[in-house]
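Colleague: Quick one: the structure is below, and I'll ask about it shortly.
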Amino acid sequence: MSACLALEQPLQVAYLGPAGTYSESAARKHFGSAPTLIPCPGIDDVFRSVVARSADYGIVPVENSTEGAIGRTLDLLLTSPLKICGEVNLPIHHNLMASQNSLDKVTRIYSHPQSLGQCQDWLNRNFPGVERVPVASNAEAARLASTDEHACAIAGETAAALYGLHILHANIEDDPANTTRFLIIASHDAGPSGNDKTSLVCSAQNKPGAVHELLTPLAHHGVSMTRFESRPSRGVGGPGGGQWEYVFYMDLIGHRQDKPIANALDELRRSAGFIKELGSYPQAGS
């Protein structure tokens, strides 16, 4: 896809920056080297760039196998007009790095809050008294550590090379299988590939058995579900979408054009208080 589009015009892909983040690595894994990658300071800015058409695609983290969902991404999927057109699974290996060859002077550790959570057991064992400072990204943590001899950072190998840091401890994540799932967002979703996933968000009517009614159409039509997660509605989802009201995010196996999913969605529209199809797209490999 990247090579073909590049023949027509340079492909622009927005990602959660700055340079050296895991989001950049995921973008390169999915799109290759042909596109122009545009670093954005926040997840909101990635969505905004694609909506404003200053980028053709965006890539955002949506969940981690250790720390769970990225709430801001889910909230923006609910309110944004953009669709999911792809996904990337990226193994995440964290490294402790510093500008010095020794950690004797270290009094603080910079990293993204998710990364701090993914390494908390290791940090508790090895640096129980050192301050942990959450920052906007792992690349920003590396940048800060490069100018502070009393600090180190938790980040990936790319960030260490970019900011000239020494990796003093490698693979410090608590779970060796630690993986982050990223979504590709655009103004469109993808056609059927034969190995697809469909994402949607819906709300249940305020009555007994309402959540059961959301799942019944899937069972009726033999549709497998890989994700079911609730989030506050943030005022979205029709009448009653206020405080203590929730929406439910689902990932289904198959494309929305497949007959079982199409029939299940038709039935779900009759029982759900609100439903929004977020897109169908090829399932990511490992």
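The values are calculated or read from the model by the stated rules, or taken from the named source; none is laboratory data. This is a predicted model, so every value here is computed, not measured. Here the Cβ is made from the backbone with ideal geometry for all residues, glycine too, and neighbour counts use every protein chain on show. Accessible surface areas use protein heavy atoms only, side chains included; no ligands, DNA or RNA. Shrake-Rupley method; radii C 1.70, N 1.55, O 1.52, S 1.80 Å.
Colleague: Name the residue from 265, 141, 71 whose Cα lies farthest towards the positive end of the charge dipole of the chain, charges +1 on Cβ of Lys and Arg and -1 on Cβ of Asp and Glu.
Modeller: Value computed over the given set: 265.
Colleague: 222 nm [θ] for the chain, helices only, -39500 (n - 2.57) per DSSP H run of 4+, per residue, to 500?
Modeller: Working: 10 runs with 88 residues, N = 286.
Result for the chain, helices only: -8500 deg cm²/dmol.
Colleague: Quick one: accessible area per residue over the range 75-165, 1.4 Å probe, rounded to a whole number of Å²? Present the calculation step by step, with values, prior to reporting the outcome.
Modeller: Working: 3740 Å² over 91 residues.
Here the residues of the range 75-165 average 41 Å² of exposed surface.
Colleague: Could you work out the relative contact order of the chain, using alpha carbon pairs under 8 angstrom and six or more residues apart, expressed as a whole percent? Intermediate results must be reported in sequence, preceding the final value.
Modeller: Values: 658 pairs, mean separation 61.0, N = 286.
Taking the mean separation of contacting Cα pairs over the length of the chain, I get 21 percent.
Colleague: Give the lysines whose C-alpha is closer than 23 Å to that of residue 259, dropping any in the same chain fewer than 8 places away, or say none.
Modeller: 83, 197, 276
Colleague: Using the Cα centre as the reference, give the magnitude of the dipole from point charges on the C-beta atoms of the chain (Lys, Arg: +1; Asp, Glu: -1; all else neutral), rounded to the nearest 20 debye.
Modeller: Numbers: 22 positive and 29 negative charges, 100 e Å.
Value, rounded to 20: 480 debye.
Colleague: Taking the simple approach of a point 7 Å from Cα along Cα-to-Cβ for both residue 89 and residue 220, what is their distance in nm?
Modeller: The two pseudo-label positions are separated by 3.2 nm.
Colleague: Would you mind getting me the FRET efficiency between residue 100 and residue 121? Use the beta-carbon distance for r and R0 = 22 Å, nearest 0.05. Each step should come with its number before you reach the end.
Modeller: Numbers: r = 25 Å, r/R0 = 1.13.
Plugging the Cβ-Cβ distance into 1/(1 + (r/R0)^6) gives 0.35.
Colleague: Using 7 Å Cα-to-Cβ label points, what is the residue 234/residue 253 separation (nm, one decimal)?
Modeller: For the pair residue 234/residue 253, the computed spacing is 3.0 nm.
Colleague: Another question about this same structure. In degrees, nearest 10, range 0 to 90: what is the angle between the Cα axis of helix 22-31 and the longest Cα principal axis of the chain?
Modeller: Value to nearest ten degrees: 60.
Colleague: Sorting check: for 39-51, 20-32, which peptide has the highest mean count of neighbouring beta carbons within 10 Å, and how do the rest follow?
Modeller: Values: 39-51: 19.5, 20-32: 22.5.
Going by the mean number of other Cβ atoms within 10 Å, highest first, we get 20-32, 39-51.
Colleague: Oh, and also: If you take the beta carbon distance between residue 130 and residue 270 as r and set R0 to 51 Å, what does 1/(1 + (r/R0)^6) give as a FRET efficiency, to the nearest 0.05? The partial results should precede the final answer.
Modeller: Working: r = 56 Å, r/R0 = 1.09.
After rounding, the FRET efficiency stands at 0.35.
Colleague: If you don't mind, another one. Please give the FRET efficiency for residue 29 paired with residue 188, using the beta carbon to beta carbon distance and R0 = 22 Å, rounded to the nearest 0.05.
Modeller: 0.55
Colleague: Residues with beta-carbon under 10 Å from that of residue 151, excluding residue 151: net charge, scoring Lys, Arg +1 and Asp, Glu -1? Mind showing how you got there, number by number?
Modeller: On the way: positive: 105, 108; negative: 131, 148, 149.
Around residue 151, the surrounding residues sum to -1.
Colleague: Given (i) 59, 50, 29; (ii) 55, 48, 34; (iii) 63, 50, 30 as candidate values of Cα extents along the principal axes in Å, which corresponds to the one derived from the coordinates?
Modeller: So the structure-derived entry is (iii).
Colleague: If you scale each eigenvalue of the Cα gyration tensor by 5 and take the root, what three semi-axes come out for the range 36-156, rounded to whole angstrom and sorted largest first?
Modeller: Numbers: eigenvalues 196, 51, 25 Å².
Whole-Å semi-axes of the equivalent ellipsoid: 31, 16, 11.
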